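Before any comments, here is the structure.
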């Protein structure tokens, strides 16, 4: 018997063993997540770990006249040399909003207005995402920086008034932002790995994972993608 025949004979045996002794899934063998709100009820969601690391690494870009969506949480935390802050929202009921507009139809916002635009976990909720990126580019001043995070994997958001439309990859982000800002002005980085992607879908909090587990980045299993784009 050849070595190839020997391998072929062993494969059905291994397959039968897997059927009789399936891989242990532990807490993953469930139909409902541990948390229905991304892990907020257990601590801080795992994706926030990556979002905050991305913004921390670019905090010198968060300066001058800065714009954020819904509130100024990240500008307040990571901003350096902030001169003025505006908050963008299409919800007139948001008391923090200083600019009421849909980013995909943001013609009322003047061009060349902002030095930095912090846009985290928002583009997946906008159907005309290409128009949103065009407007984000237009309202930045020359030399202004757009800091974006988008989900690669996440539960669907069922918030009132929200339409969860998209998930992104590093490749799609490179094409999407490169087509507007120019490829040479865009840097794209995926964050996360298989373990953290599974944990995030389960609704585990980042506190339930170790820094050693969180700090491994596998381009095949990202949780989010961070994009830094400069308007030249």
**Asked** Quick one: residue 203 ticks every box in (1) farther than 11 Å from residue 46 by Cβ; (2) buried (at least 18 other Cβ atoms within 10 Å of the Cβ) bar one, so which box is it?
**Response** (1)
**Request:** Go through segment 169-197 residue by residue and tally those that are within 30 Å of residue 30 (Cβ to Cβ), touching a helix residue (DSSP H, G or I) at 6+ places or on another chain (Cβ under 7 Å) and either touching a residue at least 60 places away in the same chain (Cβ under 8 Å) or not in a helix (DSSP H, G or I) (or both).
**Result:** 4
**One residue from 66, 46 being touching a helix residue (DSSP H, G or I) at 6+ places or on another chain (Cβ under 6 Å), at pLDDT 95 or above and closer than 30 Å to residue 213 by Cα** = 46
**Complete:** Counting only residues in segment 41-65 that are in contact with a strand residue (DSSP E or B) (Cβ under 9 Å, 6 or more places away or on another chain) and more than 17 Å from residue 224 (Cα to Cα), the one surrounded by the most Cβ atoms within 10 Å (Cβ to Cβ) is identified as 62
**Item:** Matching strands (runs of 3 or more DSSP E) fully within segment 53-155 where at least 2 residues are within 30 Å of residue 34 (Cα to Cα)
**Value:** 114-120, 140-151
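The values are calculated or read from the model by the stated rules, or taken from the named source; none is laboratory data. As the structure is a computational prediction, the values presented were derived from the model and not from experiment. So basically every Cβ, Gly included, is an ideal-geometry build from the backbone, and we count neighbours across all protein chains shown.
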